[in-house]
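The values are calculated or read from the model by the stated rules, or taken from the named source; none is laboratory data. Bear in mind that the values here come from a model prediction, so they are computed numbers and not experimental data. Cβ placement follows ideal geometry from the backbone for every residue including glycine, while neighbour counts extend to all protein chains displayed. Note: accessible area is taken over every heavy atom of the protein model, side chains too, but ligands, DNA and RNA are not part of it. Shrake-Rupley method; radii C 1.70, N 1.55, O 1.52, S 1.80 Å.
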Amino acid sequence: MSVMNKISKFTFALVALLASVTACEAPDQEVFDEIPSDDALSTTNPDALAAFAASAYRQLVGTWGGHNSLWSLQEVASDEMVIAQKGADWEDGGQWIRVHRHQYLPSEQSVGNGWAYCFTAISNINNLLKTFGSNALLRSELEVTRAMIYLWLIDAYGNVPVITEKTTDTTPPTVARAQVYDFIEKSIVGGNFGGTVFANNLANLRAQKTYATMNRWVANVVLAKLYLNAQVYKGAQEWQKAADACQVVIGSGLYSLAPTFKDNFVTNNAGSPENIFVINYDENNAEGFNLPQMTGHYLTQQTFNLTDQPWNGYASLEAFYNSFETADARRGASFLVGPQFSSGGVRLKDLSAEPGDPDGQDLTFTPNINMLAPNSFRQAGARVGKWEFRLGARPSLSNDFPIYRYADVLLMRAEALWRINPASADALTLVNQVRARAGVAAFTAAQMTADNLLAERGREMFAEGHRRSDLIRFGKYNDAWWEKTASLPTRNLFPIPQGQILVNPDLVQNPGY
């Protein structure tokens, strides 16, 4: 499955770094017998640069596609996913009940894990910059990748320390969210931040289409995400900038919608024309995407001949599942629902099904979940089936995880244009491109409303880690939904982890915690 980047030796000390270079269905790289150390910091060879930067991307594999970190927080805190407590199973100290109800605490494991995931990746990039920073091309790639990670931090935690390779303070203080916004923007387009002058890294990045690495088009999507949420992050709108950044990607002609929605999520999804930036997972060499374990019922092991038994956790909320039209191709592609069978076609029976379950022992995934806690039915809830579970899959999938996808860019530009002018014909056309691929009727001009735009983003981007941000931007995150009362605006930010404040007294906790 994996194709190792074939780099045999560098006289520069890269042994540990090169050992981490993997790619799922990615092109073979040129073989290097030797790069003299005098040339290493001035090379423009793309394969050599990829080798130097490999450690940065390897670190992103981390816990993104796994349980109990940043992705889990983003999803379970939204209205599209939940982990219901099934007796003692998934009680987990009440963490996921609190996350669902926006009662999360600074001591939550997921809060601490998400923070650690991001700052570990940033620390790794800073170390690479100390070593390779004099290579202008590599510096641009690493600085913009770091900016992308800070985008995740500003979205989740808001006020965070800005740490670069020049930082010497062992207890770096919290920086206001608007300043972090400024750091992210200047890291990409250039400018002075706190005495550090950034080059125009956007112009310096590769204009070629690359896979699972930073290039000019990925950087524009990072900017688009930043600008689309500017009102939230810094208190000022940047709709036109968001629309323009999206148009740069669209206008490149390098990306397009895949023929079918499911093409983006099959095991060998590296060939999808929608992939702009992915986390490159592989069941042998880049583990961590554990979706079958996280969402499958215990007996789902028999459906897909999984090597390990799933944990029976993540499911969709019924109202979110019902937001899809019956004819929407994304509904059938995104969920596992209805009667469940073994790989050989035998009807599965859960002999431990609760007596009150209306489906009895016949394993049936029903969109309705009887309760959040403490006794949710074992087979309740539509399961996350968006990514293909190949027969015989191991706990870690080889499907790559799309962080930025072309359909998202189309919807972001549509939203930005709509916010500038709700009667925008271009916005309507862009949304309907996405809907046409899903096999549902085009929106009319009258249907271009905030609620419909948010719902359309939900249907297209389900489980990809965007829903919480979308809800906040549309002013819906604090609404009441199933098993959740209205929450306070302070809950739009996760708390600074308690463990971090204990070791760094210069961190200031977010309001409301």
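Which one of these is in contact with a helix residue (DSSP H, G or I) (Cβ under 8 Å, 6 or more places away or on another chain) and farther than 13 Å from TYR404 by Cβ: ALA212, ALA207?
Residue meeting the stated conditions: ALA207.
crowded, with 18+ Cβ neighbours inside 10 Å, within 30 Å of GLY338 (Cβ to Cβ), touching a strand residue (DSSP E or B) at 6+ places or on another chain (Cβ under 8 Å) and of a type in the set (A, V, I, L, M): is that true of ALA315 in this structure? First the steps, then the outcome.
Values: crowded, with 18+ Cβ neighbours inside 10 Å: yes; within 30 Å of GLY338 (Cβ to Cβ): yes; touching a strand residue (DSSP E or B) at 6+ places or on another chain (Cβ under 8 Å): yes; of a type in the set (A, V, I, L, M): yes.
The answer is yes for ALA315.
Do you know which residues across segment 295-339 are within 28 Å of ARG437 (Cα to Cα), assigned to a loop (DSSP other than H, G, I, E, B) and touching a helix residue (DSSP H, G or I) at 6+ places or on another chain (Cβ under 6 Å)?
Passing the criteria: SER323, PHE324, ASP328.
Have a look at LEU417, LEU507 and point out the one that is over 23 Å from the mean Cα position of the chain (by Cα), outside any helix (DSSP H, G or I), at pLDDT 95 or above and surrounded by 15 or more Cβ atoms within 10 Å (Cβ to Cβ). Explain how you work it out, then say what you get.
Details: LEU417 fails: outside any helix (DSSP H, G or I).
Exactly one residue qualifies, and that residue is LEU507.
Does any residue in segment 481-504 that is farther than 21 Å from ASN113 by Cβ come within less than 9 Å, Cβ to Cβ, of a residue that is among the acidic types (Asp, Glu) and open to solvent by less than 50 Å² (accessible area, probe 1.4 Å) six or more places away or on a different chain, and which pairs are these?
TRP481/ASP79; TRP482/ASP79; LYS484/ASP79
Please work out if GLU460 is of a type outside the set (A, V, I, L, M, F, W, C), out of contact with any Ser or Thr (no Cβ under 8 Å at 6 or more places or on another chain), part of a loop (DSSP other than H, G, I, E, B) and farther than 22 Å from LYS234 by Cα.
So GLU460 does not fit the description; no.
Tell me which residues, restricted to segment 373-414, are part of a loop (DSSP other than H, G, I, E, B) and touching a strand residue (DSSP E or B) at 6+ places or on another chain (Cβ under 7 Å).
If the condition is that a residue be part of a loop (DSSP other than H, G, I, E, B) and touching a strand residue (DSSP E or B) at 6+ places or on another chain (Cβ under 7 Å), then SER376, ARG378, GLN379, GLY381, GLY385, SER398, ASP400 are the ones that fit.
Looking only at segment 97-114, count every residue that is open to solvent by 10 Å² or more (accessible area, probe 1.4 Å) and assigned to a helix (DSSP H, G or I) and tell me the total.
Result for segment 97-114: 5.
Tell me, which residue of segment 203-226 that is touching a residue at least 60 places away in the same chain (Cβ under 8 Å) and in a helix (DSSP H, G or I) is nearest to SER272 (Cα to Cα)?
Filtering first and then ranking leaves VAL218.
Being in a loop (DSSP other than H, G, I, E, B) and not hydrophobic (A, V, I, L, M, F, W, C) narrows it down to one residue among SER487, SER469; which is it? Give the steps one after another, and end with the answer.
Working: SER469 fails: in a loop (DSSP other than H, G, I, E, B).
That would be SER487, the only listed residue that is in a loop (DSSP other than H, G, I, E, B) and not hydrophobic (A, V, I, L, M, F, W, C).
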